[in-house]
Amino acid sequence: MTIILAVTNQKGGVGKTTTAVNLSAALALTRRRVLMIDFDPQGNATTGSGLDKEALEVTVTDCLLDGVPLERAIVASEAAGFHVLPANADLTAAEVGLQQQEGGPGRLRELLAPVAGRYDYILIDCPPSLNMLTLNALAAADAVLIPLQCEYYALEGLTALLDTVDQVRETLNPRLHVEGILRTMFDARNRLANQVSEQLIEHFGDRVYRTIVPRNVRLAEAPSHGMPVLRYDKTSRGALAYLALAGELVRRTGTTTVPGGAAPGQGTSDTGNSTQEASDGSEETRTGTQP
Ligand code: ADP
Ligand code: MG
């Protein structure tokens, strides 16, 4: 069974791209077949997966606007260990073009139909707004994964996002639900962060992932080397957090490993049993233990 997740939050800089790339890498390490779709014209998820966004011959834009089949645009990234549907600044044109097309919000869903079955997980890295691209992602997805920074306005923004999810469920996609809310860039020494985190759990209970992604400089450095943190520094606290998140997601979504189904360049470790929370917030602390 394929699970399609839109990694979304209309706020920028909350860790969407970091989560899309590193959760994809962690799922790939657990031998899941993963496709990551870069759906932000900034193309950061493309670059962060080791692809040169300026050198792409076919991008997701060609698929959306000209009906080019997705398989012609999908690249198997050796550096990242998963498949990527790359994007660059051209995607801005698709945002505009789709608004003029009838059935525009459903375009990605149509394009995904013939290839989705080849993957266990498809993660869509959404842009930081509720635009036509995000609508396409929400129409194509089974569920949303919401990265959230525990700061003052976070809950307000979350309410707006959840309203959008409700609207999309009523109009475009009846199966859309919230898979989970992920606390990112967490600093456990920050009192406000802890308060917001508590409120989040009060309101959303087990929809909040147990795994917390700490603020960790390795996560910020890895993209400039064109690789997920699991390749850049697999013992960093950022890497361990995304492995733990993959384990949690796999348990929650109940997917099993497909024998021999791993995409190129993937390792063999299975983190499906990881239980540890990566929750203490001190930056740079390293640990050599597996989650
Ligand atoms: P978004 O896609 O939501 O705009 P990004 O994933 O691009 O957010 O993250 C914004 C910035 O914060 C990037 O420079 C990224 O490298 C950095 N970052 C993301 N998550 C973390 C983290 N857990 N610790 C430290 N830096 C992070
Ligand atoms: Mg982003």
Would you call Leu230 away from ligand 2 (no atom under 16 Å from the Cβ) and either part of a helix (DSSP H, G or I) or in contact with a Ser or Thr (Cβ under 6 Å, 6 or more places away or on another chain) (or both)?
-> yes
Of the residues in the stretch 1-58, those that are away from ligand 1 (no atom under 14 Å from the Cβ), surrounded by 24 or more Cβ atoms within 10 Å (Cβ to Cβ) and of a type in the set (S, T, N, Q) number 1
So which of Asp120, Asp125 is under 22 Å from Leu245 (Cβ atoms), crowded, with 22+ Cβ neighbours inside 10 Å and either more than 16 Å from ligand 1 (Cβ to nearest atom) or β-branched (Val, Ile, Thr) (or both)?
-> Asp120
Could you please let me know if Pro127 is modelled with pLDDT of 95 or more, at negative phi and in a loop (DSSP other than H, G, I, E, B)?
-> yes
Exactly one of Leu138, Leu176, Leu230, Leu192 is hydrophobic (A, V, I, L, M, F, W, C), out of contact with any helix residue (DSSP H, G or I) (no Cβ under 8 Å at 6 or more places or on another chain), modelled with pLDDT of 95 or more and away from ligand 1 (no atom under 13 Å from the Cβ), and that one is Leu192
Output the residues belonging to the stretch 7-31 that are within 20 Å of Ala76 (Cα to Cα), more than 9 Å from ligand 2 (Cβ to nearest atom) and out of contact with any Pro (no Cβ under 6 Å at 6 or more places or on another chain).
-> Leu23, Ser24, Ala26, Leu27, Ala28, Leu29, Thr30, Arg31
Which condition number in (1) closer than 30 Å to Arg251 by Cβ; (2) modelled with pLDDT of 95 or more; (3) of a type in the set (D, E, K, R) is the one that Glu78 fails?
-> (2)
Filter the stretch 164-181 for residues that are of a type in the set (A, V, I, L, M) and open to solvent by less than 40 Å² (accessible area, probe 1.4 Å); which is nearest to Arg210 (Cα to Cα)?
-> Ile181
Please indicate, with yes or no, whether at least one residue in the stretch 145-163 is open to solvent by less than 50 Å² (accessible area, probe 1.4 Å), modelled with pLDDT of 95 or more and on the phi > 0 side of the Ramachandran plot.
-> no
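The values are calculated or read from the model by the stated rules, or taken from the named source; none is laboratory data. For clarity, every value in this text was computed on a predicted model and none was experimentally measured. Glycine gets a Cβ as well: all are built from the backbone with ideal geometry, and neighbour counts include every protein chain shown. To get the accessible areas, we keep the full protein, side chains included, count just its heavy atoms, and leave off ligands, DNA and RNA. Shrake-Rupley method; radii C 1.70, N 1.55, O 1.52, S 1.80 Å.
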